[in-house]
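**Q** Here's a structure for you.
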Amino acid sequence: MAQKRVAAIQDISCFGKCSLTVALPLLSAAGIETAVIPTAVLSTHTGGFTGNTFRDLSADIVPIARHWKKENITADAVYTGYLCSKEQIYLALEAAKLISRKDTLLITDPAMADNGRLYRGIDKEFPEYMLKLCAAADIITPNVTEAALMLGLGYKEPPYTEEYINTLLEGLYTKTHSKIVLTGVSFENRKIGASVFDGGNKAYVFAEKLDALYHGTGDVFTSSFIAALLNDRSLKAAAQIAANFTAGCIRSTMENCTEERCGVSFESQIPNLIKYLEL
Ligand code: PXL
């Protein structure tokens, strides 16, 4: 089988395990070549640290993609995650178009908020713009906060009602026509997971809910989800693998660090990802 290639368009946070420092190791471990278009270099991510450095690489995003196109470099999937500005949303979409074949999947994680709040430095209009990128994507992986913000709806604390989750899924589908993997879905205290909606059927996947919050959990989920999807799993099966893997990572983080800003200790769990993928 030909090796698959993902092009990941995200920042490098030098410390704190999120975006490319999560996507690269997880996708590589799953046998997927991971080409990168770094959007910025930050000394740390913006959650729980202050005074981080920020080197904006916006001016390089499209030229990198243009060079790849000239060299006939394409990808099986383009994976966009955290983007640093509204302008970067347009640039990421332009880059994605340049390197896409007809069968290339655009997978967008609208990473911009969690627990009811936008990340530090992201302005109120940002979700409106992110919705446009989501509408161009084949698959989107918002969490509940991001879904609510893109729809202009109020955020609710878990546990959720099925009615609230359906409102988010159907609202987003109407506005994007993308397949949706909504993360952070919890109907009871002991389980958390994702709901998957392809415009026709809705399905749910759950794993153990642990009493801890860590930065970059969404990146671990989406990266392991893409790892499974490109290893020929269905949307639902890939979401289940991502939910199980993410729960395992959170459990292992709780043994190492109790600070949210540390990020997720996914390293020790990589053998489990490989096991789930039967590689
Ligand atoms: O995964 C989210 C993320 C990625 N990159 C940077 C961030 C955040 C969340 O705050 O600050 C730079």
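**Q** I need the full set of residues from the range 230-242 which are open to solvent by 10 Å² or more (accessible area, probe 1.4 Å), closer than 18 Å to PRO142 by Cα and in contact (Cβ under 8 Å) with a residue 12 or more places away in the chain, in order please.
**A** LEU235, LYS236, GLN240, ILE241
**Q** Then there's this: Here's a check for you: in the range 26-39, which residue that is surrounded by fewer than 22 Cβ atoms within 10 Å (Cβ to Cβ) and of a type in the set (Gly, Ala, Ser) is farthest from GLY216 (Cα to Cα)?
**A** Among those residues, the one meeting the criterion is GLY31.
**Q** Ok, one more. Name the single residue, out of those in the range 243-254 being crowded, with 24+ Cβ neighbours inside 10 Å and polar (S, T, N, Q), that is nearest to SER268 (Cα to Cα).
**A** Here the answer is THR253.
**Q** Right, something else. Being of a type outside the set (Ser, Thr, Tyr), surrounded by fewer than 17 Cβ atoms within 10 Å (Cβ to Cβ) and at pLDDT below 95 is true for just one of ASN166, ASN189. Which residue is that?
**A** ASN189
**Q** Which residues, taken from the range 97-126, are part of a loop (DSSP other than H, G, I, E, B), within 19 Å of the chain's Cα centre (by Cα) and more than 13 Å from the ligand (Cβ to nearest atom)?
**A** Once the filter is applied, which keeps residues that are part of a loop (DSSP other than H, G, I, E, B), within 19 Å of the chain's Cα centre (by Cα) and more than 13 Å from the ligand (Cβ to nearest atom), the range 97-126 yields only GLY116.
**Q** Going by the structure shown, is GLU71 of a type in the set (Asp, Glu), touching a strand residue (DSSP E or B) at 6+ places or on another chain (Cβ under 7 Å) and open to solvent by 50 Å² or more (accessible area, probe 1.4 Å)? Even if it seems obvious, please write down each step before you answer.
**A** Details: of a type in the set (Asp, Glu): yes; touching a strand residue (DSSP E or B) at 6+ places or on another chain (Cβ under 7 Å): no; open to solvent by 50 Å² or more (accessible area, probe 1.4 Å): yes.
Criteria not met by GLU71.
**Q** Would you kindly identify the strands (runs of 3 or more DSSP E) lying entirely within the range 161-242 that contain at least 3 residues that are under 25 Å from THR104 (Cα atoms) and either within 16 Å of the ligand (Cβ to nearest atom) or within 14 Å of the chain's Cα centre (by Cα) (or both)? Quick ask: steps written out before the conclusion?
**A** Working: elements: 179-188, 191-197, 202-208.
Fully inside the range 161-242 and qualifying: 179-188.
**Q** Then there's this: Determine, yes or no, whether LEU133 is open to solvent by 40 Å² or more (accessible area, probe 1.4 Å), within 15 Å of the chain's Cα centre (by Cα) and not aromatic (Phe, Trp, Tyr). Lay out the reasoning, then the answer.
**A** Numbers: open to solvent by 40 Å² or more (accessible area, probe 1.4 Å): no; within 15 Å of the chain's Cα centre (by Cα): yes; not aromatic (Phe, Trp, Tyr): yes.
No; evaluated as a whole, the condition is false for this residue.
**Q** Here's something else I'd like to know. I need the full set of residues from the range 66-95 which are over 17 Å from THR108 (Cα atoms) and part of a helix (DSSP H, G or I), in order please.
**A** Result: ARG66, HIS67, TRP68, LYS69, LYS70.
The values are calculated or read from the model by the stated rules, or taken from the named source; none is laboratory data. Here the structure is a predicted model, which is why all the values come from computation and not from measurement. Here the Cβ is made from the backbone with ideal geometry for all residues, glycine too, and neighbour counts use every protein chain on show. Just so you know, the surface numbers come from the protein's heavy atoms only, side chains and all, with ligands and any DNA or RNA stripped out. Shrake-Rupley method; radii C 1.70, N 1.55, O 1.52, S 1.80 Å.
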